1. Just to be sure before I move on: is N260 assigned to a strand (DSSP E or B) and either open to solvent by 20 Å² or more (accessible area, probe 1.4 Å) or under 29 Å from P381 (Cβ atoms) (or both) in the structure I sent?
2. Restricting attention to segment 120-134, which residues are loosely packed, with under 11 Cβ neighbours inside 10 Å and in a loop (DSSP other than H, G, I, E, B)?
3. Of (1) more than 18 Å from the chain's Cα centre (by Cα); (2) within 13 Å of the ligand (Cβ to nearest atom); (3) closer than 19 Å to R465 by Cβ, A241 satisfies all except one. Which?
4. Looking only at residues in segment 189-221 that are in a loop (DSSP other than H, G, I, E, B) and within 9 Å of the ligand (Cβ to nearest atom), which one is nearest to Q18 (Cα to Cα)?
5. Residue pairs, Cβ under 9 Å, 6 or more apart or interchain, first in segment 42-64 and under 10 Å from G146 (Cα atoms), second part of a loop (DSSP other than H, G, I, E, B) and of a type in the set (S, T, N, Q). List them.
6. Is it the case that T162 is within 13 Å of the chain's Cα centre (by Cα), buried (at least 24 other Cβ atoms within 10 Å of the Cβ), within 14 Å of the ligand (Cβ to nearest atom) and assigned to a loop (DSSP other than H, G, I, E, B)?
7. Given the condition more than 30 Å from F247 (Cβ to Cβ), in a helix (DSSP H, G or I) and not small (G, A, S), answer yes or no: does some residue in segment 135-157 qualify?
8. Just to be sure I understand the filter: pairs with C-beta atoms under 7 Å, separated by 6 or more residues or on different chains, first member in segment 215-233 and among the basic types (K, R), second member surrounded by 24 or more Cβ atoms within 10 Å (Cβ to Cβ). Which pairs pass?
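The values are calculated or read from the model by the stated rules, or taken from the named source; none is laboratory data. Since we're looking at a predicted model, the values are computed, not measured. Note that we place each Cβ from the backbone using ideal geometry, even for glycine, and neighbour counts take in every protein chain shown. Ligands, DNA and RNA are stripped out before the accessible areas are found, and what is left, the full protein with its side chains, is counted by its heavy atoms. Shrake-Rupley method; radii C 1.70, N 1.55, O 1.52, S 1.80 Å.
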Amino acid sequence: MDLTAPSKIANYIAGSLQAPLNGKYIDNINPATGEVYSQTPDSDAKDVDEAVGAAKMAFESWGKTPAEERFRILNRIAELIDQNLEALALAETNDNGKPLWLSKRVDIPRASSNFRFFATGAMHFSTESHNMEDKAINYTLRQPIGVVGCISPWNLPLYLFTWKIAPALAAGNCVVAKPSEVTPMTGYLLSIICKEAGLPDGVLNILHGTGPSCGAAIVAHPGIKAISFTGSTRAGRDIAATAGPMFKKVSLELGGKNPNIIFADCDWDKMMRVTLQSSFSNQGQICLCGSRVLVEESIYEKFKEEFIARARKLTVGDPLEDSSRQGAVVSKMHYDKVMGMIQQAKDEGGTILLGGNSVALEGRCKNGYFIAPTIIEGLGPNCRTNMEEIFGPVVTMQSFKTEDEALQLANTSDYGLSATIWTQDVSRANRVAAQVHSGIIWVNCWLLRDLRTPFGGFKNSGVGREGGWDALRFFTEPKNVCIEL
Ligand code: NAD
């Protein structure tokens, strides 16, 4: 199995690697160097149609394949991901700009965990029965939907791609999947791994291309019965508009503007260490990053001083160097967006306490897209900087006096993905957790993930939940059978 990144990426349809039918490609750029290093298929509705045809045919047998066999193959995929960690991590870093140590420590191990977790899930999934005393018994069958679509973003490319594909396959569906056109490489390498692992042809089809031409065609295809999407709220809205009238099942994991609520009685050192991570990990390009830091007034100045001092030490550098804490942001387009939002914060009257500028590196990375960790204060909860998702190494700070005020600030957002609460007072932690309008709450920790828990957001952060049984339920149709006794 050769997992070297090719200069031309191919679609994976019916078990074979093939060029897009229209022959068109998009440049794939390494954001750390600014250089084009491969070509990605610019697939369209014709490729989608072919992939759906292959998936439909494969479903005839995959939909009936015993759970134990599905377990065996998915577990094999997990093993192959682990065995090829180095090659996959390098591909992820070259595509995305994140530090190589991060790809090795987080992204690729999590991709294999996703397959391993749902492989075993297939073996343990069970359904309910409802007994009507001596009248009747109901039992619920959970059957695979058929052909489903999985569309994922660029920030955690293989991690989020497999987070959808693994439960879809485990539940017995066939899949037409599309990774982000900005970071297609590990999605492509996954096709090679799946072939090697013995996944039957057509069970998983991986297409490459843009949202408007390839993604939208997946959503609109009448042969695809459910869509699992992770990405921006804007694209989620378009997907809902297409899928709604077609009565497709949708799971939408969208943007966030997460509050990080810090009370004076927190465990200071741990809070400082983890807040730095939750602010700037992956250059702030994690939907769960705490981009609005809310600090109790009595510790605000102390926090500010130490937070700035710690963030100043985060080395922005070549993602291939172990010493780099921050890599490149994912693309020129995203770099321009983030820099534009920093300018907007200044225009709104914000004070830049740290960063606010791009970082010019020498040598290999001299044309890369690097932004300094940026901390902003002086902006109210309703300004655009505090309302709109920036999705870069940029956080704002606001202070609060009371628990009520903290909650009010936290909930002043159209988003509701996650929140972090720092306090040693367990009653307060429970009280605040219950009142924050977010789907995922961390108390005295951040990004601590148990794959069994429901994952998803309130409000504009999405519809539905991923993870554990929620994912296997999403990818199956319940059917009730009632037998009169
Ligand atoms: P994006 O919406 O631009 O693209 C995501 C994926 O959708 C890509 O594969 C893209 O090609 C495709 N796409 C775009 N428009 C489409 C359309 N109209 N129809 C079908 N497919 C379409 O998002 P992005 O810029 O790649 O990712 C960043 C966003 O993802 C941020 O908003 C971030 O918060 C969000 N995100 C959310 C979660 C979560 O779990 N809630 C996780 C990671 C990222």
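1. Values: assigned to a strand (DSSP E or B): yes; either open to solvent by 20 Å² or more (accessible area, probe 1.4 Å) or under 29 Å from P381 (Cβ atoms) (or both): yes.
Criteria met by N260.
2. The first filter runs over segment 120-134 and keeps only residues loosely packed, with under 11 Cβ neighbours inside 10 Å, leaving 124, 126, 128, 133-134.
If the condition is that a residue be loosely packed, with under 11 Cβ neighbours inside 10 Å and in a loop (DSSP other than H, G, I, E, B), then S126, E128, E133, D134 are the ones that fit.
3. Status for A241: all satisfied but (3).
4. To start, the set of residues in segment 189-221 that are in a loop (DSSP other than H, G, I, E, B) comprises 198-203, 207-210, 221.
Pick out the ones that are also within 9 Å of the ligand (Cβ to nearest atom) and you get 209-210.
Numbers: G209: 13, T210: 17 Å.
This residue is G209.
5. The qualifying pairs are A55/N173; F59/N173; W62/N173; G63/N173.
6. Values: within 13 Å of the chain's Cα centre (by Cα): yes; buried (at least 24 other Cβ atoms within 10 Å of the Cβ): yes; within 14 Å of the ligand (Cβ to nearest atom): yes; assigned to a loop (DSSP other than H, G, I, E, B): no.
No; evaluated as a whole, the condition is false for this residue.
7. Yes, there is a match, as at least one residue in segment 135-157 is more than 30 Å from F247 (Cβ to Cβ), in a helix (DSSP H, G or I) and not small (G, A, S).
8. Hits for this filter: K225/V147; K225/V148.
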